1. Please determine, by comparing only the residues of region 132-142 that are surrounded by 12 or more Cβ atoms within 10 Å (Cβ to Cβ) and not aliphatic (A, V, I, L, M), which one is farthest from the chain's Cα centre (by Cα).
2. Condition (residue is surrounded by 12 or more Cβ atoms within 10 Å (Cβ to Cβ), of a type in the set (S, T, N, Q) and over 20 Å from residue 45 (Cα atoms)) applied to region 72-95: is it met by at least one residue?
3. Within region 36-72, which residues are of a type outside the set (Ser, Thr, Tyr) and not in a helix (DSSP H, G or I)?
4. Could you say which residue among 109, 127 is surrounded by 15 or more Cβ atoms within 10 Å (Cβ to Cβ), at pLDDT 90 or above and part of a helix (DSSP H, G or I)?
Amino acid sequence: MKIAQLLHTLEAQLARLQTRIAPLAQHATLTPRFDRKLFHTRSTTLQACLNEAQKHFSELQRAVGQQQRPQVAWLAERLVAQIEAISRESEAWSLRAWDSASPAQTRWQRKRLQTQEFERRLVEMKQARERQLAQTTTFEEQQRLSREITAFDARLARCRQALQEIETVLARLMR
């Protein structure tokens, strides 16, 4: 019974983490986010790290089904460490320091970070309006919220276009 409860708790934590990192899941950094011993992925996106953690969760479920106790203990410990690391990184995202680089790179990296933070806030505001829309009952309020959601979509599109342009400039600078 304890193992089933552990699996359920880990699965719930992974689901909450997926929701929490969604706005910044695809944002890459110049340096690796985590130690190679914790995550084997070469990608610097949080989504890649979360995918690896979810893969370990599947392996954990398989090991539990096959009653491989040493492997269950090792995988559970590793998965908890990965979840904690991703959680800490998502909370400290706005404080993340960039690598030392040329002044031009630093300026563009700072601009990328600001734009990514702006995108994250836009996504959160849009999701809040969508939740409000699902709960509202008056037609006028539904129309107002629909217009706001449409405006957020347009702002997000412009923000993502700006991010793409920044990424292009950074790629040219890093050649």
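The values are calculated or read from the model by the stated rules, or taken from the named source; none is laboratory data. Predicted model, so just to flag it, every value in this text is computed and none were measured. Positions of Cβ are backbone-derived with ideal geometry, glycine not excepted, and every protein chain shown enters the neighbour counts.
1. Among those residues, the one meeting the criterion is 141.
2. no
3. Of everything in region 36-72, those that are of a type outside the set (Ser, Thr, Tyr) and not in a helix (DSSP H, G or I) turn out to be 36, 37, 38, 39, 40, 42, 66, 67, 68.
4. 127
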